[in-house]
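Since every read-out is calculated from the coordinates, none of them should be taken as a lab result. Not measured: the values here are computed from a predicted model. Cβ: placed from backbone, ideal geometry, glycine included. Neighbour counts: every protein chain shown.
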Amino acid sequence: MNMSRDTALRIALAARALPGIGVGRLLEMLHQSIAGPLTEESLQTVTVTNLKTGFASADGEEDGEDISVGLPAIKEAVRILWGELAAEVLPQPVALERIPERSIRVAIASNNGERLDGHFGSCLRFLIYQVSAEAKTLVDVRSALEADFAEDKNGFRVDLIRDCQVLYVISVGGPAAAKVVRADIYPIKRIDGGQAQDILAELQAVMAGSPPPWLAKQLGVAAEQRVRFTRSDEVA
């Protein structure tokens with residue numbers, strides 16, 4: 001698919017604004033509406049009427065299935081395609097001069113601000129923290145929108161966080177979780193989500209106390225010192 005990164009990100013984000021519509025289906029409609037390649041300029045020619053007509057046609061082709069795409073969602077998608085993205089307030093990462101001893105890198109699946117509120121396979125971004133028992137620092141914010149264009153979407157997301165040892169998510173499917181684990185990343189599900197700082201503070205308390213064997217290993221605790229920990233100590 002020959003398009004710029006910014007064009008691809010606009011399309012991916014617009015698809016997320018449309019309930020029940022994936023990137024592939026939106027791409028089909030855009031190709032029907034736009035003569036020539038998809039670019040940032042050509043996306044600005046898409047109208048609400050174009051998408052509304054496209055959805056109505058798709059409904060007819062699918063035996064009248066109601067995809068429940070309302071006019072507000074269509075308007076929002078067009079606004080995004082045009083590049084009129086709202087200036088979202090995101091936490092700002094900090095460059096560390098050195099990596100703290102006995103610290104781990106933690107990824108948090110997020111859609112809004114500095115919160116754990118994302119599913120592994122659909123979150124907008126991963127917040128990346130360097131965490132020790134004494135300190136926690138946001139070191140990166142990594143967009144996951146381009147995963148929608150990858151042949152292996154879950155593999156793309158795993159690669160985004162491959163330098164992390166722990167992943168917090170609202171949920172993660174079995175096959176995706178297996179890929180996370182194979183990358184030596186420990187997935188932790190927190191279905192209720194919450195503020196990232198609060199969740200990391202809980203992790204820090206475990207790190208400062210008696211961390212479970214998998215976490216103690218990541219922290220560099222010698223094997224002979226880890227044997228005293230039991231399964232009941234685990235965080236997830």
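Summing +1 for each Lys or Arg and -1 for each Asp or Glu, what net charge is found among the other residues whose Cβ lies under 9 Å from the Cβ of residue 15? Kindly include the intermediate steps, with their values, before the conclusion.
Details: positive: 16, 25; negative: 148.
Here the count lands on +1.
Picking from 170, 191, 80, which is most flexible by a Gaussian network model of the chain using Cα springs under 10 Å?
Maximum among the listed residues: 191.
Using the eigenvalues of the Cα gyration tensor, what equivalent ellipsoid semi-axes result for the range 93-199 when each is taken as the square root of five times the eigenvalue, whole Å, largest first?
Details: eigenvalues 90, 42, 36 Å².
Ellipsoid half-lengths, sorted descending, are 21, 15, 13 Å.
Let me know the charge dipole size of the chain about its Cα centre in debye, to the nearest 20, where only the beta-carbon of Lys, Arg (+1) and Asp, Glu (-1) is charged.
Values: 25 positive and 32 negative charges, 170 e Å.
Taking the Cα centre of the chain as origin, the dipole is about 820 debye.
At a 10 Å Cβ-Cβ cut-off, how would you order 31, 119, fewest neighbours first? Walk me through the intermediate numbers first.
On the way: 31 12, 119 15.
In increasing order of surrounding Cβ atoms, one gets 31, 119.
Using only the Cα atoms of the chain, each taken as one equal point scatterer with no solvent, compute I(q) by the Debye sum, divide by I(0), and report log10 of the ratio at q = 0.16, 0.17 Å⁻¹.
For the requested q values the scattering log ratios are -1.10, -1.20.
With a 10 Å radius around each residue's Cβ, average the other Cβ atoms per peptide and rank 33-43, 206-216, highest first. Don't skip to the end; give the middle numbers.
On the way: 33-43: 14.4, 206-216: 16.8.
Answer by packing, highest mean first, reads 206-216, 33-43.
Could you calculate the FRET efficiency of residue 134 with residue 4 from 1/(1 + (r/R0)^6), where r is the beta carbon distance between them and R0 is 35 Å, rounded to 0.05? Can you show the working numbers first?
Values: r = 43 Å, r/R0 = 1.22.
It comes out at approximately 0.25.
222 nm [θ] for the chain, helices only, -39500 (n - 2.57) per DSSP H run of 4+, per residue, to 500? Could the numbers behind the result be given before it?
Working: 10 runs with 92 residues, N = 236.
For the chain, the value works out to -11000 deg cm²/dmol.
Could you rank the peptides 24-30, 122-128 by their average count of other C-beta atoms within 10 Å per residue, with the highest value first? Display every interim value, and only then the final one.
Numbers: 24-30: 16.7, 122-128: 21.0.
Answer by packing, highest mean first, reads 122-128, 24-30.
Order these by the 10 Å Cβ neighbour count, fewest first: 76, 134, 97. Mind showing how you got there, number by number?
Values: 76 18, 134 12, 97 5.
So the ranking, lowest neighbour count to highest, is 97, 134, 76.
For an R0 of 30 angstrom, estimate the FRET efficiency from the Cβ-Cβ distance between residue 48 and residue 150 and round to the nearest 0.05.
Calculated value: 0.55.
Could you check the spin-label model distance between residue 221 and residue 141? Points 7 Å from the Cα along Cα→Cβ, value in nm.
3.4 nm
Determine the alpha carbon to alpha carbon distance for each of 189/217; 153/189; 136/189; 75/179 and list only those over 28 Å. Don't skip to the answer; put the middle values down first.
Details: 189/217 20 Å; 153/189 19 Å; 136/189 20 Å; 75/179 37 Å.
Beyond 28 Å between Cα atoms: 75/179.
Using a Förster distance of 25 Å, how high is the FRET efficiency between residue 195 and residue 95, based on the Cβ-Cβ distance and rounded to 0.05? Mind dumping the intermediate values first?
Details: r = 23 Å, r/R0 = 0.92.
Step by step, r from the Cβ atoms, then E = 0.60.
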